[in-house]
Amino acid sequence: MPTESSPLLSFPHRAVAQITLTNPPVNALTRPATRRLHAVLRELAQDATVRAVVLTGEREFSAGSDISEMPEMQSAGDVLARKSTFENATLDLLADLPLPTVAAVDGFALGGGLEMALCCDFVVADAGARLGLPEIDLGVIPSSGGAMRALRRVGQARAAELVLLGEPITAETALEWGLINRVAPRGASLSVALDLAQTLAGKSRSAVHANKRALALTFGPSPYEPARRALPVFEEAFESMDGREGVRAFLAKESPRFR
């Protein structure tokens, strides 16, 4: 289980903050980790000395939600109250941060991990990285706006590839689709992301914020409201027989037997 210091906040360069997910082995987005991330983001939003933020993971980026937390919430029928509503609010904080943000993806960004990366302004992925939204193989849907954020970046046809097939794609394919911004040489995603963050930190803080707002307005209604409206759809899938079977099979390391 993550401690209250996970994820970690550091300042590797002047005016650049680094958030590092540190919940081995796959940096799962547990409820304690989400609470800590929420607190860190609120802190950074109020820090006038910070001008850019890098989000990364220790060894891997993130495999998303901790599946081991799910059976208890399926039994109690309270996944929105205990997890998804707050997780959505936390990712909204990341997306709305009045600072330029860069995700540095090593290894994999899957499910909630990719949803988190897509909240950043820039995504830099290691040449060996894999990115995907595999929730369909659990019998559920992305719960934190992943489908909407992917749709904005890659369009309807390729978003369907991500959410209906659930198969991870390579960093090179993600770049070709427009899902990410840059592919870094193997082992260099963090250094490339930090270099990019330093460049962004040299820009006008107020102009960066204004441009982020303008870009959001250009694309029409915010993805957050559709994501919130989709929460009952997630809850229905999560509580379904197939949702329960998908979680059971994942934890048992078996192939699911969907109806």
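The values are calculated or read from the model by the stated rules, or taken from the named source; none is laboratory data. The structure displayed is predicted, hence computed values, not measured ones. In this analysis, Cβ positions are derived from the backbone assuming ideal geometry, glycine residues included, and neighbour counts consider all displayed protein chains. To get the accessible areas, we keep the full protein, side chains included, count just its heavy atoms, and leave off ligands, DNA and RNA. Shrake-Rupley method; radii C 1.70, N 1.55, O 1.52, S 1.80 Å.
Of note:
- The chain - charge dipole about Cα centre, Lys and Arg +1 at Cβ, Asp and Glu -1, debye rounded to 20: 680 debye
- Size of electric dipole in region 1-100: Cβ of Lys, Arg +1 and of Asp, Glu -1, about Cα centre, debye, nearest 20: 260 debye
- Percent of beta bridges antiparallel (DSSP, region 1-137, rounded to nearest 5): 15 percent
- Modelled FRET efficiency - R0 30 Å, residue 195 with residue 152, Cβ distances, 0.05 increments: 0.70
- Residue of 78, 106, 126 that the Gaussian network model of the chain assigns the largest fluctuation, springs spanning Cα pairs under 10 Å: 78
- Nonpolar atom fraction for region 34-80, defined as the carbon and sulfur part of the 1.4 Å probe accessible area, stands at 41 percent.
- Highest-MSF residue in the chain out of 41, 133, 217 [GNM, Cα springs under 10 Å]: 217
- When the charge dipole of region 143-259 is built from unit charges on Cβ atoms (+1 for Lys and Arg, -1 for Asp and Glu) and taken about the Cα centre, the candidate among 230, 198, 169 whose Cα reaches farthest toward its positive end is 198.
- Two-decimal log10 I(q)/I(0) for region 162-214, as the Debye equation yields it once each C-alpha is a single scatterer, q = 0.12, 0.18, 0.31 Å⁻¹: -0.44, -0.80, -1.11
- Comparing mean-square fluctuations of 202, 146, 64 from a GNM of the chain with C-alpha springs under 10 Å, the top value falls on 202.
- Within a straight-line Cα-Cα reach of under 16 Å, residue 203 can be paired with the following lysines, leaving aside sequence neighbours fewer than 8 residues apart in one chain: 212.
- On a per residue basis, the chain carries 46 Å² of accessible surface, using protein heavy atoms and a 1.4 Å probe.
- Around the Cα centre of region 50-189, unit charges on the Cβ atoms of Lys, Arg, Asp and Glu (plus for the first two, minus for the last two) sum to a dipole of about 440 debye.
- Distance (nanometres) between label positions extended 7 Å along Cα→Cβ at residue 68 and residue 186: 3.0 nm
- Of the solvent-accessible surface of region 165-259, computed with a 1.4 Å probe and all protein chains present, 57% belongs to carbon and sulfur.
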